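Novice: A single structure is presented below for examination.
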Amino acid sequence: MKTEMQKCLDGEVFNTSNEENQSLIHKARKLTKSYNSTESTDAENRKDILRGLFAKLGDNVNIDTPFYCDYGKHIFVGSNVIININCTFVDCNKIEIGNNVLIASNVQIYTATHSTDVNERLVTDWDPGTELPFFRTYALPVKIEDNVWIGGGVIILPGVTIGKNSVIGAGSVVTKSIPENCVAVGNPCKIIRKINEQNRSHGKD
């Protein structure tokens, strides 16, 4: 029989209130509180906290504070990554970030979601005495591939992959996956142009 965490990672409805999930959430809250309280110059201590929080932490990673996440252990970060101030990662499922990625301030990444059908979203005749929540949740992974730039205030929704070298304009709401080598903007986020191979080699788009 699957654990609630296995159901979660398999994209199935899971019990968010079960002991294993709640234990991980409380651990993440403690570690993020500690991280957000550190001095920006205390590089070694900040790195140690992130290593205890994340599943993977590459080299040359700078995450500014405040930073918030749900579980931490489902976050995989490559090398040469900047995550600017006030970012929130709801990592019920995996959030994978590649190498050479720039994530601006106020970016929100969500893996958790609920059915749009109210009968599926809410538990009929829910009993407050039960350990089950009154709502149903499932989660889908998010992947950000190498060399991506995510603009300020972007919201990335569950199940999205952003292909390598692509740029997501500030304020965009990314509801569907974006292929590699694209500039995409808007709500919902849509491709406005391809990034030219020759220009990309010269650091231009």
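The values are calculated or read from the model by the stated rules, or taken from the named source; none is laboratory data. Note that the structure is predicted; figures quoted are calculated from it, not measured. Cβ placement follows ideal geometry from the backbone for every residue including glycine, while neighbour counts extend to all protein chains displayed. Protein only, heavy atoms only, side chains kept; ligands, DNA and RNA dropped before computing areas. Shrake-Rupley method; radii C 1.70, N 1.55, O 1.52, S 1.80 Å.
Novice: Counting just the residues of segment 165-175 that are within 30 Å of Val13 (Cβ to Cβ) and in contact with a Gly (Cβ under 7 Å, 6 or more places away or on another chain), which one comes out surrounded by the fewest Cβ atoms within 10 Å (Cβ to Cβ)? Quick ask: steps written out before the conclusion?
Specialist: Kept after step one, since they are within 30 Å of Val13 (Cβ to Cβ), are these residues of segment 165-175: 168, 172-175.
Within this subset, residues satisfying the condition of being in contact with a Gly (Cβ under 7 Å, 6 or more places away or on another chain) are 168, 172.
Details: Ile168: 28, Ser172: 23.
Step by step, filter segment 165-175, then rank; the result is Ser172.
Novice: Just to verify a result, which residue in segment 35-73, among those that are hydrophobic (A, V, I, L, M, F, W, C) and either free of Cβ contacts under 8 Å to residues at least 12 places away in the same chain or over 17 Å from Gly98 (Cα atoms) (or both), is surrounded by the fewest Cβ atoms within 10 Å (Cβ to Cβ)? Spell out how you get there, then give the answer.
Specialist: The initial filter retains those residues of segment 35-73 that are hydrophobic (A, V, I, L, M, F, W, C), namely 43, 49-50, 53-55, 57, 61, 63, 67, 69.
Restricting the remaining residues to those that are either free of Cβ contacts under 8 Å to residues at least 12 places away in the same chain or over 17 Å from Gly98 (Cα atoms) (or both) gives 43, 49, 53, 67, 69.
Numbers: Ala43: 11, Ile49: 22, Leu53: 22, Phe67: 18, Cys69: 23.
The extreme case among them is Ala43.
Novice: Also, quick follow-up: Determine, yes or no, whether Ser79 is open to solvent by 70 Å² or more (accessible area, probe 1.4 Å) and in a loop (DSSP other than H, G, I, E, B). Can you show your working first?
Specialist: Working: open to solvent by 70 Å² or more (accessible area, probe 1.4 Å): no; in a loop (DSSP other than H, G, I, E, B): yes.
In short, no.
Novice: Same structure, new question: Within the group Ala55, Ala43, Ala28, which residue is farther than 15 Å from Ile156 by Cα and touching a His at 6+ places or on another chain (Cβ under 7 Å)?
Specialist: On the way: Ala43 fails: touching a His at 6+ places or on another chain (Cβ under 7 Å); Ala28 fails: touching a His at 6+ places or on another chain (Cβ under 7 Å).
None of the other options fit; the residue is Ala55.
Novice: Looking at Ile156, Ile168, Ile178, Ile195, which is the one that is at pLDDT below 95 and closer than 26 Å to Phe76 by Cβ?
Specialist: On the way: Ile156 fails: at pLDDT below 95; Ile168 fails: at pLDDT below 95; Ile178 fails: at pLDDT below 95.
Of Ile156, Ile168, Ile178, Ile195, the one residue that is at pLDDT below 95 and closer than 26 Å to Phe76 by Cβ is Ile195.
Novice: Across segment 82-91, what is the number of residues that are farther than 12 Å from Ile103 by Cβ and not in a loop (DSSP other than H, G, I, E, B)? Walk me through how you get there before you give the answer.
Specialist: Taking segment 82-91 and keeping what is farther than 12 Å from Ile103 by Cβ, we get 90-91.
Okay, now just the ones that are also not in a loop (DSSP other than H, G, I, E, B), so 90.
Residues in segment 82-91 being farther than 12 Å from Ile103 by Cβ and not in a loop (DSSP other than H, G, I, E, B): 1 in total.
Novice: Sticking with this one: Of all residues in segment 85-122, which are open to solvent by 50 Å² or more (accessible area, probe 1.4 Å) and in contact with a Leu (Cβ under 8 Å, 6 or more places away or on another chain)?
Specialist: Lys94, Tyr110
Novice: Also: Mind listing whichever residues of segment 5-21 are touching a Phe, Trp or Tyr at 6+ places or on another chain (Cβ under 8 Å), part of a helix (DSSP H, G or I) and either open to solvent by 50 Å² or more (accessible area, probe 1.4 Å) or more than 20 Å from Val160 (Cα to Cα) (or both)?
Specialist: The answer is Met5, Lys7, Asn21.
Novice: Further question: Return the residues of segment 152-164 that are open to solvent by 10 Å² or more (accessible area, probe 1.4 Å) and in contact with a strand residue (DSSP E or B) (Cβ under 8 Å, 6 or more places away or on another chain); say none if nothing qualifies. Steps first, please.
Specialist: Filtering segment 152-164 for residues open to solvent by 10 Å² or more (accessible area, probe 1.4 Å) gives 152-153, 155, 157-159, 161, 164.
Within segment 152-164, Ile155, Leu157, Pro158, Gly159, Thr161 meet the criteria.
Novice: Contact list please: Cβ distance under 8 Å, first residue in segment 74-98 and within 22 Å of Lys7 (Cα to Cα), second residue among the acidic types (Asp, Glu) and assigned to a loop (DSSP other than H, G, I, E, B), pairs at least six apart or on different chains.
Specialist: Listed by first residue and then by second, the contacts come to His74/Asp91; Ile75/Asp91; Phe89/Asp70; Val90/Asp70; Asp91/Asp70; Cys92/Asp70.
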